[in-house]
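This report concerns only the one structure given below.
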Amino acid sequence: MNLTDGAFLREFRDHWPILLAAFLCLLFAFSAPSFALPFLYAPIIDELGWTREQATLLATAKYAAGAIAAILVGRFVDIIGVRRGLILLSILGGIAMLSFLWVPNQLAYYSVGVLLGISSTGIIVSIKVLISRCFHASQATAMAVAMLGAALGASVVPLIVVPLINEYGWREATALMSIGTWAIALPLLVYGLREETLQTAMADTPGRSGGEPTAALLKVLARDRQFWFIGLAVFSAAVVDQAFIQHQVLFLELDVGMDASIVAAGVSAMAVIGIAARIGVGFVFDRTSSRGVSLMYLALAGAALIALFVVNPAVFMMFIVLRAVGHAAVLLDSMVLSKHVYGVKNLGLLLGIYTSCVAVGFAVGPWLVGRLYEVTGSYVIPFIVCAFVALFAAIILLPVRPIYWLASRERERPAPESAQPVRP
């Protein structure tokens, strides 16, 4: 499939309102809770006297809760409706951001992380299901376009949250960052995204009905080695990705010695480059499926090794580019592998399971690197471990065969024309 395919372009033309709604929801309801957290850790450590491990355990609590929420949201999203689910999850995220104003101790701090995990992971699962059911020839590219909302948020949030922290403090800054959820995301979901639009877009989804009961499906999956390979791969890649997201600001500021404004600019540049990276990686996934995912995981390994040599602007830029590509792969891998291998039946449960694997990886990554740092006193060993974990993720995907994707490509292949007799 390519960008000139009629089905590819028709999906974008017919379903662009859904794509726009997903984009804006990720920009406002998802971005602030996700991308502000790494900038809170340093002021939290200064104010409360916690260690790096204690401060970054917020991310572990967030993604551990998200791992459970992913399975529940994935299974019931078709019952409660994607729109209603997104409304409830966005409200929960806004409340969590406001709750930082009254955090007195670690228990309350990690409890807020749990609320953030349920909200952000649930939003991602809902949007993955939405895009997967409305886009087929262009599934990965469409999700990449929607994820540009998160990319734009990642580029803007650091430039907003750092001045807010400097001016008002970390508690007030996080509360102020929830304004986009209350003022834009929620009114859009309530008044802009109509239930009729979603039902019309999903009506022509091939094979969307007839999924097996949960228990029967889980028994089948448990005997399928591809199911476990995919789960291990997306988990391992997530470990590396979130470890860097949560630790790269601390590493660059406190260990490399970069000024906070330069680090914020670098993180924003990573997000800007991530805009093109998402589209490029999505297009590669649409064309190459699981092999493309395996290839893109190598960018995670490369970024982990290059981080050890970030001593000049050229190496810093290489690190930024590889991180942007690797992060784009982690954002798209689970939904692509779920549909390309198993199709659209039971897609909610499959996406929930694999998003849960990703969330567990997100929870483990920051803690693992934080613990290794406390033990070794530097990021050298943690980053080398991350490189090997990313390489493992790339290798374990090699035996995976994208059955549904291959069958779809075969169906789209034009039938050969009948042989014509040669005229003398």
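The values are calculated or read from the model by the stated rules, or taken from the named source; none is laboratory data. Everything numeric in this text was worked out from a predicted model, so none of it was measured. Here the Cβ is made from the backbone with ideal geometry for all residues, glycine too, and neighbour counts use every protein chain on show.
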Exercise. In the range 106-146, how many are farther than 18 Å from A238 by Cα and among the charged types (D, E, K, R)?
Worked result: 1
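Per-residue answers, yes or no, for (1) modelled with pLDDT of 90 or more; (2) hydrophobic (A, V, I, L, M, F, W, C); (3) over 21 Å from L164 (Cβ atoms):
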{"residue": "D46", "(1), (2), (3)": "yes, no, no"}
{"residue": "F76", "(1), (2), (3)": "no, yes, yes"}
{"residue": "G81", "(1), (2), (3)": "no, no, yes"}
{"residue": "Y109", "(1), (2), (3)": "yes, no, no"}
{"residue": "V114", "(1), (2), (3)": "yes, yes, yes"}
{"residue": "V129", "(1), (2), (3)": "no, yes, yes"}
{"residue": "F135", "(1), (2), (3)": "no, yes, yes"}
{"residue": "A144", "(1), (2), (3)": "no, yes, yes"}
{"residue": "L148", "(1), (2), (3)": "no, yes, yes"}
Problem set entry | Selection count where residues are among the polar types (S, T, N, Q) and under 16 Å from the mean Cα position of the chain (by Cα), scope the range 222-278 | 3
Exercise. Quick check, is S155 surrounded by fewer than 24 Cβ atoms within 10 Å (Cβ to Cβ) and either under 11 Å from S31 (Cα atoms) or small (G, A, S) (or both)?
Worked result: yes
For this session: Go through the range 26-72 residue by residue and tally those that are among the hydrophobic types (A, V, I, L, M, F, W, C), surrounded by fewer than 24 Cβ atoms within 10 Å (Cβ to Cβ) and not in a helix (DSSP H, G or I).
Result: 2
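Table: residues versus (1) at pLDDT 95 or above; (2) surrounded by fewer than 18 Cβ atoms within 10 Å (Cβ to Cβ); (3) out of contact with any Ser or Thr (no Cβ under 7 Å at 6 or more places or on another chain); (4) over 21 Å from L305 (Cβ atoms).
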site: V375; (1), (2), (3), (4): no, yes, yes, no
site: F388; (1), (2), (3), (4): yes, yes, yes, no
site: A394; (1), (2), (3), (4): yes, no, no, no
site: I403; (1), (2), (3), (4): no, yes, yes, yes
site: P414; (1), (2), (3), (4): no, yes, yes, yes
site: A419; (1), (2), (3), (4): no, yes, yes, yes
Exercise. When only residues in the range 279-289 that are small (G, A, S) and within 17 Å of the chain's Cα centre (by Cα) count, which is modelled with the highest pLDDT?
Worked result: G280
Problem set entry | Candidate set: the range 157-192, residues that are in contact (Cβ under 8 Å) with a residue 40 or more places away in the chain and aromatic (F, W, Y); chosen: the one farthest from F283 (Cα to Cα) | W170
For this session: For the range 235-242, indicate whether the set of residues that are farther than 18 Å from L332 by Cα and aromatic (F, W, Y) is non-empty.
Result: no
Exercise. Within the range 73-113, restricting attention to residues that are in a helix (DSSP H, G or I) and among the polar types (S, T, N, Q), which residue is farthest from the chain's Cα centre (by Cα)?
Worked result: Q106
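Answer yes if at least one residue in the range 133-156 is free of Cβ contacts under 8 Å to residues at least 12 places away in the same chain, part of a helix (DSSP H, G or I) and out of contact with any Ser or Thr (no Cβ under 6 Å at 6 or more places or on another chain), and no otherwise. Lay out the reasoning, then the answer.
Taking the range 133-156 and keeping what is free of Cβ contacts under 8 Å to residues at least 12 places away in the same chain, we get none.
For the range 133-156, residues free of Cβ contacts under 8 Å to residues at least 12 places away in the same chain, part of a helix (DSSP H, G or I) and out of contact with any Ser or Thr (no Cβ under 6 Å at 6 or more places or on another chain): absent.
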Problem set entry | Unique match (being more than 27 Å from G74 (Cβ to Cβ), in contact with a helix residue (DSSP H, G or I) (Cβ under 9 Å, 6 or more places away or on another chain) and either crowded, with 22+ Cβ neighbours inside 10 Å or modelled with pLDDT of 90 or more (or both)) among L347, L300, L322, L254 | L322
